[in-house]
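Heads up, the thing below is written out as structure tokens.
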Amino acid sequence: MKNENVKRESIGSGVYLYTSAQHPFGTDAILLADFAAPKKSDTALDLGTGCGIIPFLWARYEAPAHIAAVEIQENGIALMRRSIAANGFEDRITPYHCDLREIEKHITPLHSFSLVTMNPPYTARGAGFESEDASQKIARHELSCTIEDSIACADKMLRFGGRFCLCQKPDRLADYICTMRAYGIEPKRIRFVCGRRGKKPYLMLLEGKKGANSGLAAMPELYINNEDGSYTTEMLNIYRDYGDGTK
């Protein structure tokens, strides 16, 4: 990691996370961690965890009690292991360096998680500008993980009644709903995120439940900023004690 400009970032409650130019994190991951709203009793799995931001955000508040995290890129897993050691989270977070398409070779038993999350690549293979950096290319484009790959993995790992929560661009909603239903994960809750009032959504937060009946609940839109550019009250509540509360 010597050439990756590794940084140690405070994410609140005395917890620190190591990040790099290849494995940063953004607001989307923070929103997904909040949207998933894990309970202490949940058995949780974060797919494509990168530097581990979602598990570490949860670990600040001890819910869920234990989190498994999967990442295909070795440099991302190295960052996460460093963060685990620095925070003393060896009993809280377990990293797995593996391809989620072969997850059954690394995590057993199957169908053992009550919550699976993923901040997946947003861009389909062959669409949009591809970064020259290999790590960023994998994170942003569906080179190692398609929509079906991620949902098939969630299906393998979720117990009946378990939840799959993700964030994605709104224009891919139909693809996710159709694929989730094909795997028996029924879309149950959706929330669109806008930069501010009057702007179209740039992100969706979607939850599916394995084996559930149909019925999708649309939550009120989430607004990031007020008209003056400051964070809305809801965003400040989501950030809570992240940094100084203003990110």
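The values are calculated or read from the model by the stated rules, or taken from the named source; none is laboratory data. Model, not experiment: these values are computed from the prediction. Backbone-built Cβ (ideal geometry, glycine too); neighbour counts: all protein chains shown. The protein model used for the area step is the full one, side chains on, heavy atoms only, and it has no ligands, DNA or RNA in it. Shrake-Rupley method; radii C 1.70, N 1.55, O 1.52, S 1.80 Å.
At-a-glance table
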| item | result |
| --- | --- |
| Some residue of the stretch 131-141 being of a type outside the set (A, V, I, L, M), in contact with a helix residue (DSSP H, G or I) (Cβ under 8 Å, 6 or more places away or on another chain), at pLDDT below 95 and surrounded by fewer than 20 Cβ atoms within 10 Å (Cβ to Cβ) | yes |
| Lone qualifier among 240, 172 - being at positive phi, within 20 Å of the chain's Cα centre (by Cα) and surrounded by 13 or more Cβ atoms within 10 Å (Cβ to Cβ) | 240 |
| Strands (runs of 3 or more DSSP E) fully within the stretch 146-247 counting 1 or more residues that are among the acidic types (Asp, Glu) | 185-194, 203-210 |
| Yes/no for residue 223 being open to solvent by less than 60 Å² (accessible area, probe 1.4 Å) and at pLDDT below 95 | no |
| Meets criteria (open to solvent by less than 70 Å² (accessible area, probe 1.4 Å), in contact with a helix residue (DSSP H, G or I) (Cβ under 9 Å, 6 or more places away or on another chain) and part of a strand (DSSP E or B)) for residue 31 | no |
| Tally of residues being under 30 Å from residue 186 (Cβ atoms) and among the charged types (D, E, K, R) across the stretch 59-118 | 7 |
